[in-house]
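*Asks:* First, the structure itself, so that you have it in front of you.
The values are calculated or read from the model by the stated rules, or taken from the named source; none is laboratory data. A quick note: this is a predicted structure, and the numbers were derived from the prediction, not measured. Because the Cβ atoms are built from the backbone with ideal geometry, glycine has one as well, and the counts that use them run over all protein chains shown.
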Amino acid sequence: MEDGKKIRRMISQGVRYCLLAWAGIFSGTMVAQTQKVVFSRDFSPAEGLVIPQEKPYRDEVCLNGLWDLQCVAVPASWKSGSGIAPELAAPQPDQWEKVKIKIPSAINVNDWGRGSKVGEGTQRPYTPSSVYFPSYPEHWVRARMGWLRRNFRIPADWEQKRVLLHFEAVAGDCVIWVNGNEVCHNFDAHLPFEADVTEYVNRDGENELLVGVRDTKLFDQSHPVYKKMGATYPTGSNTDYLLGIWQDVYLFAVPEIRITDVFVQSWLDKNELKVEVELTNLSSKKANITLNGEVREWINQAGKDILTAPEIKWTLGNTALTMPVTTVVLQKGEKKKVIITQKPDDKLKYWTPDTPELYTLLLTVNGKKQIYDCKATRFGWRQFKIVGDEFQLNGKKIQCFGDIQHPFSAYICSRRFAYAWYQMIKDFGGNAVRPHAQPWPRVYYDLADEMGLMVLDETALFGSSIRLNLEEDITWERSHQHLERLIMRDRNHPSVIGWSAGNEMFAIALLNKPAKEVAAVWDDKLVELTLSAKKYDPTRDFLTLDGDRDMDGRLPVWSKHFSHGLKLEDLPKGLNKPLIVGESGATYYGRPHQLYPFVGEKAYLSYKGRSEALAIDVYQNVKQMAIPYLAYYSPSEVCWFGLEHMNLGYHDFSRLPNLSDGVFAGKAYEEGKPGYQYERIPPYVTTFNPGLDTTLPLYKPLPMFNALKAAFGGGEWAPFKEVKHPVKPACPAPVYTVAYLLGE
């Protein structure tokens, strides 16, 4: 093949998912499927954001459920790349779709993975299906603008409360209307936002909620010189074309005098628990209040097996620490920040990957005759620091070994799949994870807290897309807002070790080829963006642009992504700062001649040979580079190339999969329930089976997983032989540009 682009495209679209599975067609392992595979539990266990201890003062109604949808066509006269999106025409009373959409769900969710037409006689028969909602009409996958609508009522006991709308994430430019009034606008596809709608709701009857959405790509601004540029917003990876309400929606009731933000800071080296509390008084009078706080044990009561462990069950235990009482005067309409501190004096247990001890801080706002508010914040007693070239947890050196994952399809919104991924990481001896290239759903950070995985938290500035337009001021404005919102969402998570302000941003200059002085301006702005994290979170030293080294010494860690081969000479010497290799290996791009030095002719013969070559590469990198020298190391990616893809709900290998295959929902659809309620999980979209198909294990290891497990466990991996085969010359010019392999 002339270059690697077609190979990479085929791999990313899913051909890699199927090579091993299709082998069964010709190897005689045909198993007839006699009945539909049905899963009788929640596909995505979830809970609301208001916990029972807050309920007397705060409340919520989950607005997930069946919504009306109206797709709006992009005018034929609109020109792309202008930076000006087409106007979103008002919804028409007779144009609502006959089929309801199940929120949370992107309108085009069935094309998240680019397999929407699988099983319908298309040109891509070997791409896994991405149809999670078979009830949705096919034309929804082409939607670029639209309206979503539902009605709601205000509970009678909310009479004295303020009413907020809360969206966990809406993909696309978003405008919110309540009862004919525009109340909010949002342009960030991955992070939560709220609107106070108290003045717009009808407390005695029905209320109409309208959400208008426009594809973010409609806002692209082309550049006259740098032709690859376009996006003036953080794109993320594999989600920049999604449209609609793809995460939970809530209606909140909150008191007029309340806590609006809490930041718990664990300063172990000072023996100090510091809490920043933001208070707001929206009542008509001055308020004299006292702020009380107690720290209680958070006890996980979930089960231990793969079905019950991801299901949420917890309680609060004994009071471990009491915070000092603070008196505050809040004027009418005033917002004020209060700081309270306490010395734990060994009363709190450390959070570590091996002992993920958690606590909940309950803060109450008390008046003379009543309690106004109660706010709960979960946290862990731990401290991450950089000391010289060491990364430290609780005063001791720690090395982070983990995995990354691109959000390739809608299964990522399920807590079950998140749990399975994390369990796999722990099984090979890892203790870290980077939910890659964008903020992921909140569940990933909650589970990392609970399971003991250290998280490198990353923005949606995905430089590898090459699309970011760094010449537009609005790009930088949105990027700063995006990083701030990410930190404000996640800074109380004890699992979060630091902030990655972007991924492989060097690629934009590399492929757009600006003048050096232009690239230098971009670099200056990237450094400024990254270091701005300290403004919102002074507790974490780990700040990086993952894969972009240390930006000429200006960032506190050195981070690079390595290709195949052991390249110890590429590690800098004497930097006196932690060294990070956030991605390593030829998983995505490696052609047989590149992998030949690891396994010889086997690299040409089968996927098994390729997989063994990848494993040998990662094994020697762990043993000879990661363990001796690095503070953080991750291959790219164990969850896709270290495991077989799962034939969930598909066992008749005498035919290709179709829309009758997969694992289907066995529970009736429920209104007002947090979490995704998929209709179907297709086969081969993932390498994990979190108990959905009883005929399959949790995962099936390939050589890379086994190599990592041996390397991190201190043992030897039997297939590893340090034989360096001579490098073969590249293949001659191809006769055929595409080849398909079935069977062995």
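*Asks:* Enumerate the helices (runs of 4 or more DSSP H) found wholly within region 550-623, keeping only those where 3 or more residues are touching a residue at least 40 places away in the same chain (Cβ under 8 Å) and assigned by TED's automatic domain parsing to the domain that holds A533.
*Replies:* In region 550-623, the matching helices (runs of 4 or more DSSP H) lie at 592-599, 607-621.
*Asks:* Kindly indicate which of P407, P441 is in a loop (DSSP other than H, G, I, E, B), in the same structural domain as A615 (by TED's automatic domain parsing), closer than 26 Å to G303 by Cβ and under 12 Å from the mean Cα position of the chain (by Cα).
*Replies:* Exactly one residue qualifies, and that residue is P441.
*Asks:* Taking region 486-521, which residues are out of contact with any strand residue (DSSP E or B) (no Cβ under 8 Å at 6 or more places or on another chain) and part of a helix (DSSP H, G or I)?
*Replies:* R489, A507, A509, L510, L511, N512, K516, E517, V518, A519, A520, V521
*Asks:* Can E168 be described as charged (D, E, K, R) and under 30 Å from W640 (Cα atoms)?
*Replies:* Answer is yes for this residue.
*Asks:* Which pairs turn up if I take residues in region 503-530 that are under 14 Å from I466 (Cα atoms) and assigned by TED's automatic domain parsing to the domain that holds E477 and look for partners that are of a type in the set (G, A, S) and outside any helix (DSSP H, G or I) with beta carbon separation below 6 Å, at least 6 apart in sequence or on another chain?
*Replies:* Hits for this filter: N503/A437; E504/G547.
*Asks:* Can T315 be described as within 21 Å of P56 (Cβ to Cβ), assigned to a strand (DSSP E or B) and free of Cβ contacts under 8 Å to residues at least 24 places away in the same chain?
*Replies:* So T315 passes the test.
*Asks:* Exactly one of these conditions fails for V735: (1) β-branched (V, I, T); (2) buried (at least 24 other Cβ atoms within 10 Å of the Cβ); (3) without any contact (Cβ under 8 Å) to a residue 12 or more places away in the chain. Give me its number.
*Replies:* (2)
*Asks:* Out of A189, A90, A85, I need the residue that is without any contact (Cβ under 8 Å) to a residue 60 or more places away in the chain, in a loop (DSSP other than H, G, I, E, B) and small (G, A, S). Which one?
*Replies:* On inspection, the qualifying residue turns out to be A90.
*Asks:* So which residues in region 201-216 are outside any loop (DSSP other than H, G, I, E, B) and in contact with a Lys or Arg (Cβ under 8 Å, 6 or more places away or on another chain), if there are any at all?
*Replies:* Within region 201-216, N207, E208, L209, L210, V211, R214 meet the criteria.
*Asks:* Given the structure, is K285 surrounded by fewer than 18 Cβ atoms within 10 Å (Cβ to Cβ) and either out of contact with any helix residue (DSSP H, G or I) (no Cβ under 9 Å at 6 or more places or on another chain) or free of Cβ contacts under 8 Å to residues at least 60 places away in the same chain (or both)?
*Replies:* So K285 fits the description; yes.
*Asks:* Can you tell me which of (1) free of Cβ contacts under 8 Å to residues at least 24 places away in the same chain; (2) in the same structural domain as G317 (by TED's automatic domain parsing); (3) within 30 Å of I627 (Cβ to Cβ) is the one Q370 doesn't meet?
*Replies:* It is condition (3) that Q370 fails.
*Asks:* Shifting gears a bit: Taking the stated definitions as given, is Q342 touching a Phe, Trp or Tyr at 6+ places or on another chain (Cβ under 7 Å), closer than 27 Å to M454 by Cβ and at pLDDT 95 or above?
*Replies:* no
*Asks:* Would you check if L659 is in the same structural domain as W640 (by TED's automatic domain parsing) and either touching a Pro at 6+ places or on another chain (Cβ under 7 Å) or among the hydrophobic types (A, V, I, L, M, F, W, C) (or both)?
*Replies:* No: the conditions fail for L659.
*Asks:* Right, here's the next one. If we keep just the residues of region 335-367 that are among the polar types (S, T, N, Q) and assigned to a loop (DSSP other than H, G, I, E, B), which is farthest from A631 (Cα to Cα)?
*Replies:* Applying the filter and picking the extreme gives T355.
*Asks:* Oh, and also: For V723, state whether it is at pLDDT 80 or above and of a type in the set (A, V, I, L, M, F, W, C).
*Replies:* Against the criterion (at pLDDT 80 or above and of a type in the set (A, V, I, L, M, F, W, C)), V723 does not qualify.
*Asks:* Confirm whether Y676 is in the same structural domain as S584 (by TED's automatic domain parsing), closer than 30 Å to R124 by Cβ and buried (at least 16 other Cβ atoms within 10 Å of the Cβ).
*Replies:* So Y676 does not fit the description; no.
*Asks:* Return the residue satisfying two criteria in turn: it lies in region 15-49 and is surrounded by fewer than 19 Cβ atoms within 10 Å (Cβ to Cβ) and modelled with pLDDT of 95 or more, and of such residues it is nearest to Y372 (Cα to Cα).
*Replies:* So the residue we want is L49.
*Asks:* Here's a follow-up. Might you let me know whether region 243-266 holds any residue that is on the phi > 0 side of the Ramachandran plot and outside any loop (DSSP other than H, G, I, E, B)?
*Replies:* yes
*Asks:* What about N186, is it within 21 Å of V72 (Cα to Cα), polar (S, T, N, Q), buried (at least 18 other Cβ atoms within 10 Å of the Cβ) and assigned by TED's automatic domain parsing to the domain that holds D111?
*Replies:* Considered against the rule, which asks whether it is within 21 Å of V72 (Cα to Cα), polar (S, T, N, Q), buried (at least 18 other Cβ atoms within 10 Å of the Cβ) and assigned by TED's automatic domain parsing to the domain that holds D111, N186 comes out as yes.
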